[in-house]
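Engineer: First, the structure itself, so that you have it in front of you.
Derivation of every value follows stated rules applied to the coordinates shown; laboratory data play no part. For clarity, every value in this text was computed on a predicted model and none was experimentally measured. Reconstructed Cβ throughout: ideal geometry from the backbone, glycine too, with neighbour counts over all protein chains shown.
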Amino acid sequence: MDTDKGNKIVNVLLCIDLLILVITALTNEMIPKEIFESVHVIPGFLLVVLVLFHLRLNSKGLKKNNKSSDTYLSK
Ligand code: HEM
């Protein structure tokens, strides 16, 4: 899979996952404990995995001394 396409997919999933986490966190008192596991804790760990994929897909732009980019970590 090319990086651009991978990035788009991971970014959309990150956005949806974060939205689910925030909504389930804000409504946690209304959600039964056994359901909270699947609607918050699982998306929580999925977020960690997605962030790692995101960093990997963008590692080129994040590396130091990469003259072709002027991203925040390149200086
Ligand atoms: C936007 C980010 C997040 C917010 C605002 C948030 C908020 C919360 C809140 C308010 C609770 C307490 C629920 C309760 O005690 O009834 C909770 C529990 C929990 N969250 Fe998150 N969370 C976030 C991200 C994450 C992530 C990234 C993970 C995992 C890597 C995670 C894993 C958990 C776990 C394991 C619990 C405990 C569930 C239990 O009581 O058994 N959360 N979170």
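Engineer: Could you count how many residues in the stretch 26-43 are exposed (fewer than 14 other Cβ atoms within 10 Å of the Cβ) and assigned to a helix (DSSP H, G or I)?
Structural biologist: Residues meeting the conditions: 8.
Engineer: Looking only at residues in the stretch 34-61 that are free of Cβ contacts under 8 Å to residues at least 12 places away in the same chain and within 7 Å of the ligand (Cβ to nearest atom), which one is nearest to Val12 (Cα to Cα)?
Structural biologist: Val48
Engineer: Identify all residues within the stretch 1-33 that are small (Gly, Ala, Ser) and more than 8 Å from the ligand (Cβ to nearest atom); write none if there are none.
Structural biologist: If the condition is that a residue be small (Gly, Ala, Ser) and more than 8 Å from the ligand (Cβ to nearest atom), then Gly6 is the only one that fits.
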